[in-house]
Amino acid sequence: PPRCELCAPDTYQDQNDFTGALCNECPLNTTTGRGAVGAVSIGNCTCVRDFYPVRPERPFECTPCPRGANCAGGSGRPTALAGFAEDRTSDRFAQRPKPSS
């Protein structure tokens, strides 16, 4: 009988029929995370560091981190770096004015 084998890191297998099915690579700029094996869905592929998902329901569609932000990877949103503030109406981060002395 066919033997089920776990997919390697950064790949996934979403088919129920494991006979001869191949593992698919995670999309560009995504990972299954720290050597994780056995991913069973493209949803297990999340953004690498310095990228973030624009749409939370699609964590595998990643875009570069905006200037002035930190993107830790995974499915999290960007956070403002020191001296920057998020513009909540867009995915941009504006530099805060320096306090006058």
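The values are calculated or read from the model by the stated rules, or taken from the named source; none is laboratory data. None of these values were measured; they are calculated from a predicted model. A quick note on method: Cβ atoms are made from the backbone with ideal geometry, for glycine too, and the neighbour counts reach across all protein chains shown. Areas reflect the complete protein model, heavy atoms only, side chains present, ligands, DNA and RNA absent. Shrake-Rupley method; radii C 1.70, N 1.55, O 1.52, S 1.80 Å.
Structural remarks
- Probe 1.4 Å, accessible area per residue of the chain, Å²: 70
- Heavy-atom SASA rank of 86, 25, 57 (probe 1.4 Å, accessible area, largest first): 25, 57, 86
- Within the chain, 4 have no other Cys Cβ under 4.7 Å of their Cβ and so lack a disulfide-compatible partner by this rule.
- Carbon/sulfur fraction of accessible area - the chain, other protein chains in place, 1.4 Å, %: 51
- Overall, the ratio between the Cα radius of gyration of the chain and 2.2 N^0.38 Å, rounded to two decimals, is 1.44.
- Full extension of the segment from residue 87 to residue 36, taken as 0.36 nm per residue of separation minus the current Cα-Cα distance, would add 14.9 nm.
- Under the simplified labelling scheme, the residue 22-residue 57 pair shows an inter-label distance of 3.1 nm, with each label point 7 Å from Cα along Cα→Cβ.
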